[in-house]
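Below is one structure, written out as structure tokens, with a few remarks after it.
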């Protein structure tokens with residue numbers, strides 16, 4: 001008759017034990033920032049007394065505090081984790097001869113550095129490098145002196161000096177052959193990007209016919225034909241006035257500025273104004289007459305004006 005109660009007691013004790021076991025568990029810990037569990041198991045709960053160890057995530061390392069990396073499950077709670085993780089430093093990316101590495105993001109894990117060369121040098125190698133878990137990636141770049149290949153030749157012209165390569169800022173000068181004229185910049189230099197300045201000059205035959213300006217005369221400059229940059233000057237004939245500029249320069253097959261125009265001066269009533277010439281003629285005539293009159297008076301004064309007859313002379 002006592003068998004049944006004993007069996008029930010055993011069952012009760014077993015259940016109580018299970019309840020205690022269930023209650024004496026710890027959930028999977030989260031740990032601190034930038035760290036992970038070394039235990040890669042997929043368990044979500046851990047029994048009383050379990051110990052787990054953390055490590056820093058990729059790109060991070062323990063700080064100098066020396067805190068414990070392990071925790072223990074006690075009374076359904078994990079012990080305090082002492083591990084603290086900080087970003088790894090990649091250190092200086094190194095010196096770059098004739099250049100430098102720029103580190104605006106710093107030199108810690110995840111930062112990116114950019115290589116920059118001095119003017120006159122070209123970067124050979126990767127322009128950027130990243131700070132990874134094991135240091136800076138890729139190899140260091142180098143800065144090499146700029147070299148320019150010979151510039152293009154131009155038709156009916158050549159350049160000097162002629163070399164296999166040219167240093168940064170080195171110049172060449174173009175010239176034309178025969179009767180060709182150089183149009184453009186005659187000297188170009190090797191630029192920092194390893195190319196010569198553009199655009200290139202041209203060699204052209206430049207001729208300008210004599211400008212046709214009615215009622216005008218050339219007063220400066222040679223007779224046609226004219227070459228590039230030859231200059232002439234014109235003046236309008238009397239009775240005409242110039243509209244435009246008197247000086248003309250032979251440019252690329254045309255005169256600059258355009259030839260002026262000599263137009264007849266118009267007086268009142270819409271007729272050609274000759275009054276200036278007439279006025280000048282009258283003025284000159286008056287001046288001549290005045291001078292002649294002065295001369296006569298002077299001569300009379302020297303020889304006398306003639307005697308006035310008296311009563312006793314010539315008669316009574």
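Annotation: for a label point projected 7 angstrom from Cα along Cα→Cβ of residue 165, residues of region 80-122 with backbone N closer than 20 Å are 97-99, 117-122.
Reducing region 37-68 and region 211-258 to their Cα centroids gives an inter-centroid distance of 96 Å. Each peptide in 105-111, 223-229 was scored by the mean count of other Cβ atoms within 10 Å over its residues; highest first, the order is 105-111, 223-229. Which of rounded, prolate or oblate describes region 216-270 when judged by the alpha-carbon gyration tensor and an a/c cut-off of 1.5? Prolate. As a proxy for reagent exposure, 242, 35 were ordered by neighbouring Cβ count within 10 angstrom, fewest first; the result is 242, 35.
Relative contact order, whole percent, for region 140-272 stands at 17, derived from Cα pairs under 8 Å and 6 or more residues apart. Its relative contact order, with pairs defined as Cα atoms under 8 Å and 6+ residues apart, puts region 165-217 at 34 percent. Under the criterion of Cα pairs below 8 Å and six or more residues apart, the relative contact order for region 19-87 equals 35 percent.
When 266, 188, 183 are sorted by how many other C-beta atoms sit within 10 angstrom of their C-beta, beginning with the fewest, the order is 266, 183, 188.
Since every read-out is calculated from the coordinates, none of them should be taken as a lab result. Being a predicted model, the structure only gives us computed values, none of them experimental. Reconstructed Cβ throughout: ideal geometry from the backbone, glycine too, with neighbour counts over all protein chains shown.
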